[in-house]
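Notes follow the structure.
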Amino acid sequence: MSDKFDFHCHSIQSDGGLSPADLIDYALERNIQHLALTDHDCVSGLAIARSHIEENQLPISLIDGVELSAATEFGEIHVVGLAIDSANNRLQSALKIQQDQRKERAQQICLKLEKLGITGVLSKTLELATEVITRTHIACAIVELGHAKDMQQAFKKYIGKKGKVKVSQSWMPLIDAVGLIQGAGGKAVLAHPTRYPLTNRKLSLLIQVFKECGGDGIEMAYPSLNPDKMNWLKIHREQNDLLASSGSDFHFPGLKWTDLGRFPPLDTTIPHLKETII
Ligand code: AMP
Ligand code: MN
Ligand code: MN
Ligand code: MN
């Protein structure tokens with residue numbers, strides 16, 4: 001079981017930089033044999049990627065995935081769904097609701113930006129988005145219109161947690177996110193746990209709540225995770241009897257610190273979701 005895999009990445013159907021077909025080609029260049037495409041609140045990239053694989057008989061297995069934004073008492077979190085049936089009706093309806101809310105949120109954010117004298121962001125954002133509208137598209141629009149030097153600055157100044165523009169969002173509750181993924185036959189994974197702005201005490205409570213909601217796994221290997229944090233996660237994974245998952249959360253090629261298929265290795269003794277999925 002030493003196949004190369006990646007269980008978390010994005011395409012242009014949400015906020016990634018590659019089309020689903022180009023993502024598959026990029027994965028093959030990196031010798032990845034098992035790839036889960038996990039776009040934000042959207043599954044439309046899966047059929048496109050799968051057609052590309054089948055038409056060209058490519059040696060890669062695509063795992064149907066999704067990354068759901070969910071509301072918890074600890075704030076917004078992300079739940080990755082792996083090996084889902086992406087045609088599941090309940091999942092499809094819930095995704096439509098999240099996508100509509102994303103459109104509404106984009107409108108509200110852009111209205112607030114207009115009040116700050118930054119005009120034209122909504123139409124630029126809609127131009128940049130393929131399927132799902134994310135804050136990444138809004139950040140790119142702000143940069144393209146010359147109001148920030150790069151995306152980081154657009155988040156910092158305007159649309160990030162501490163930015164000038166605040167819009168609340170009513171994502172589905174965590175219990176629904178886990179239920180939808182499992183109802184569609186998949187495994188629910190707590191995404192990039194150390195990236196939420198939580199103290200260790202709150203994060204350990206979040207992991208417990210995730211387990212109580214029926215969660216299956218927890219990401220424990222992703223870029224930016226230092227060995228201390230990984231050790232902390234190992235303890236909490238074990239205490240909550242969750243399976244480990246690994247993924248790059250790849251969005252764009254060309255970044256020095258991250259790439260598709262690149263994340264820290266985990267000891268083979270740690271029970272991993274790949275044993276049940278690959
Ligand atoms: P959304 O789901 O629409 O709120 O957008 C969140 C996405 O924006 C995340 O999945 C990241 O890809 C991206 N993002 C969030 N914060 C930052 C940041 N500070 N710099 C760059 N990208 C970010
Ligand atoms: Mn993203
Ligand atoms: Mn995420
Ligand atoms: Mn992601």
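Of all residues in segment 222-251, those being within 16 Å of ligand 4 (Cβ to nearest atom) and either surrounded by 15 or more Cβ atoms within 10 Å (Cβ to Cβ) or charged (D, E, K, R) (or both) number 10. Against the test of being farther than 21 Å from Leu111 by Cβ and in contact with a strand residue (DSSP E or B) (Cβ under 7 Å, 6 or more places away or on another chain), the options Lys202, Lys149, Lys187, Lys211 yield a single qualifying residue, Lys187.
Filter segment 142-165 down to residues that are among the small types (Gly, Ala, Ser) and assigned to a loop (DSSP other than H, G, I, E, B) and give me whichever is surrounded by the most Cβ atoms within 10 Å (Cβ to Cβ). Step by step, filter segment 142-165, then rank; the result is Ala148.
If you check Leu242 against the conditions, is it of a type outside the set (Val, Ile, Thr) and under 18 Å from Val80 (Cα atoms)? For Leu242, the condition - of a type outside the set (Val, Ile, Thr) and under 18 Å from Val80 (Cα atoms) - is met.
Based on this model, can you work out whether Ala139 counts as without any contact (Cβ under 8 Å) to a residue 60 or more places away in the chain, of a type in the set (A, V, I, L, M, F, W, C) and assigned to a loop (DSSP other than H, G, I, E, B)? No, not satisfied. Just so you know, in segment 1-37 the residues that are surrounded by fewer than 23 Cβ atoms within 10 Å (Cβ to Cβ) and among the β-branched types (Val, Ile, Thr) include one that is nearest to ligand 2 (Cβ to nearest atom), and it is Ile12. Looking only at segment 166-181, decide whether some residue is charged (D, E, K, R) and over 20 Å from the mean Cα position of the chain (by Cα). Scanning segment 166-181, I find at least one residue that is charged (D, E, K, R) and over 20 Å from the mean Cα position of the chain (by Cα), so the answer is yes. Selection within segment 92-133: residues that are of a type in the set (Val, Ile, Thr) and in contact with a His (Cβ under 6 Å, 6 or more places away or on another chain). The member of this set that is nearest to Gly183 (Cα to Cα) is Val132. For segment 39-71, residues that are more than 21 Å from Ser245 (Cα to Cα), surrounded by 16 or more Cβ atoms within 10 Å (Cβ to Cβ) and more than 16 Å from ligand 2 (Cβ to nearest atom) total 7.
Candidates are the residues of segment 196-208 that are assigned to a helix (DSSP H, G or I) and touching an Asp or Glu at 6+ places or on another chain (Cβ under 9 Å); the one that is farthest from ligand 4 (Cβ to nearest atom) is Leu205. Restricting attention to segment 1-39 and to residues that are charged (D, E, K, R) and modelled with pLDDT of 95 or more, the residue that is nearest to ligand 1 (Cβ to nearest atom) turns out to be Asp15.
Quick grid of which residues meet (1) farther than 24 Å from Ile63 by Cα; (2) more than 15 Å from ligand 1 (Cβ to nearest atom):
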{"position": "Gln108", "(1), (2)": "yes, no"}
{"position": "Gly117", "(1), (2)": "yes, yes"}
{"position": "Gly120", "(1), (2)": "yes, yes"}
{"position": "Ala148", "(1), (2)": "yes, no"}
{"position": "Met151", "(1), (2)": "yes, no"}
{"position": "Ala154", "(1), (2)": "yes, no"}
{"position": "Pro173", "(1), (2)": "yes, yes"}
{"position": "Lys187", "(1), (2)": "no, yes"}
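Scanning segment 12-26 turns up no residue that is assigned to a strand (DSSP E or B), within 13 Å of ligand 3 (Cβ to nearest atom) and either touching a strand residue (DSSP E or B) at 6+ places or on another chain (Cβ under 8 Å) or on the phi > 0 side of the Ramachandran plot (or both).
The values are calculated or read from the model by the stated rules, or taken from the named source; none is laboratory data. As the structure is a computational prediction, the values presented were derived from the model and not from experiment. No Cβ is skipped: glycine too gets one built from the backbone with ideal geometry, and neighbour counts run over all protein chains shown.
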